[in-house]
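Here's the structure, in structure tokens; my notes come after.
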Amino acid sequence: MHKIFILLLALSCQAVYASPFGSLKEKAKESVFGEIASWFASLPGIKYLENKIDSNKVRIITSDSNSPTLSITAKEESELFIRPINSNASLLIYDKLSIPAGSYFIHASQVKKKGKGQTVSRRINLPNGVNHHEQIVYWKDHIKQYPLLIDTHPQAQRIRVMNIKAKYSHGMMLDSGRYDIEVLFKGDKKRHRFYVNLDQNQQTFSVYH
């Protein structure tokens, strides 16, 4: 059965993407909405896209049951955006979504009645077949330490932070900065080595095996 997911299109001067897909672009070149919707419709795994100009809604129906799903939650009222790393086109999310595997930027903006809210931006990688969740936390400006959380799927045999002396523990408090992470899965000789930037934007880092 096809899955249906709803997204709102974020329209701004900086969220315009000139679609390289001529036939799609020609059909919708009269609006910025059309530009971005046309590009998004060209992504692998997207079967059908229906636009509603009056509400700027995009309905994406994917027939690929192996596509990753993404949900983003925040304790405070927020506007949540997603965009592929190779595009300036942003989509405003208000529901769980299914999108092609790949790398994306997500951006959260705190909604406040008065004054400017805080923002969070981070990069995520979504492989096929995963149900991925991102939790948004807004930290005060004076905070200097953050919890480091390495989420591994399946559970890793060992996790090490190579550029500190302390042994890794889930949620350990560390100064903001760049950390060298090593993950070893059971039965796997290859160690997964990567760097993370721990700061107000991101504290949880997911590793899929």
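Inside the range 169-209, can you point out the residues that are part of a loop (DSSP other than H, G, I, E, B), closer than 25 Å to K140 by Cα and not acidic (D, E)?
Residues satisfying the conditions are S169, H170, G171, S176, Q200, N201, Q202, Q203.
Listed by first and then second residue, the pairs linking a residue in the range 149-173 that is at pLDDT 95 or above to a residue that is of a type in the set (D, E, K, R) and surrounded by fewer than 15 Cβ atoms within 10 Å (Cβ to Cβ), with Cβ atoms under 7 Å apart and 6 or more places separating them unless they lie on different chains, are Q157/K186; V161/D180; M162/D180; N163/D180. The set of residues in the range 133-166 being of a type in the set (F, W, Y) and either in a loop (DSSP other than H, G, I, E, B) or more than 20 Å from I106 (Cα to Cα) (or both) consists of Y138, W139. Determine which single condition K112 fails, assuming it passes every other condition in (1) touching a Pro at 6+ places or on another chain (Cβ under 9 Å); (2) within 26 Å of S71 (Cβ to Cβ); (3) loosely packed, with under 12 Cβ neighbours inside 10 Å. Status for K112: all satisfied but (1).
Taken over the range 49-100, the residue count meeting the criterion of being modelled with pLDDT of 75 or more, surrounded by fewer than 18 Cβ atoms within 10 Å (Cβ to Cβ) and part of a strand (DSSP E or B) is 4.
Among the residues making up the range 169-201, those that are under 24 Å from Q135 (Cα atoms) and touching an Asp or Glu at 6+ places or on another chain (Cβ under 9 Å) are H170, S176, G177, H192, R193, F194, Y195, V196, L198, Q200.
Of the numbered conditions (1) part of a loop (DSSP other than H, G, I, E, B); (2) outside the structural domain of L91 (by TED's automatic domain parsing); (3) among the charged types (D, E, K, R), K114 fails exactly one; give the number of that condition. Exception for K114: condition (2). From the list S121, S176, pick out the single residue that is surrounded by 15 or more Cβ atoms within 10 Å (Cβ to Cβ), modelled with pLDDT of 95 or more and under 18 Å from T204 (Cα atoms). After applying the criteria, what remains is S176. Right, N201: closer than 20 Å to K75 by Cα and polar (S, T, N, Q) or not? Considered against the rule, which asks whether it is closer than 20 Å to K75 by Cα and polar (S, T, N, Q), N201 comes out as yes.
If you take the residues in the range 130-146 that are closer than 21 Å to T73 by Cβ and surrounded by fewer than 14 Cβ atoms within 10 Å (Cβ to Cβ), which one is modelled with the lowest pLDDT? Full working, then the answer.
Looking only at the range 130-146, we keep the residues that are closer than 21 Å to T73 by Cβ, and these are 130-140, 143, 146.
Imposing the further condition that a residue be surrounded by fewer than 14 Cβ atoms within 10 Å (Cβ to Cβ) reduces the set to 131, 135, 140, 143.
Details: N131: 93, Q135: 95, K140: 89, I143: 92.
So the residue we want is K140.
The values are calculated or read from the model by the stated rules, or taken from the named source; none is laboratory data. Since this is a predicted model, take the numbers as computed values, not measurements. In this analysis, Cβ positions are derived from the backbone assuming ideal geometry, glycine residues included, and neighbour counts consider all displayed protein chains.
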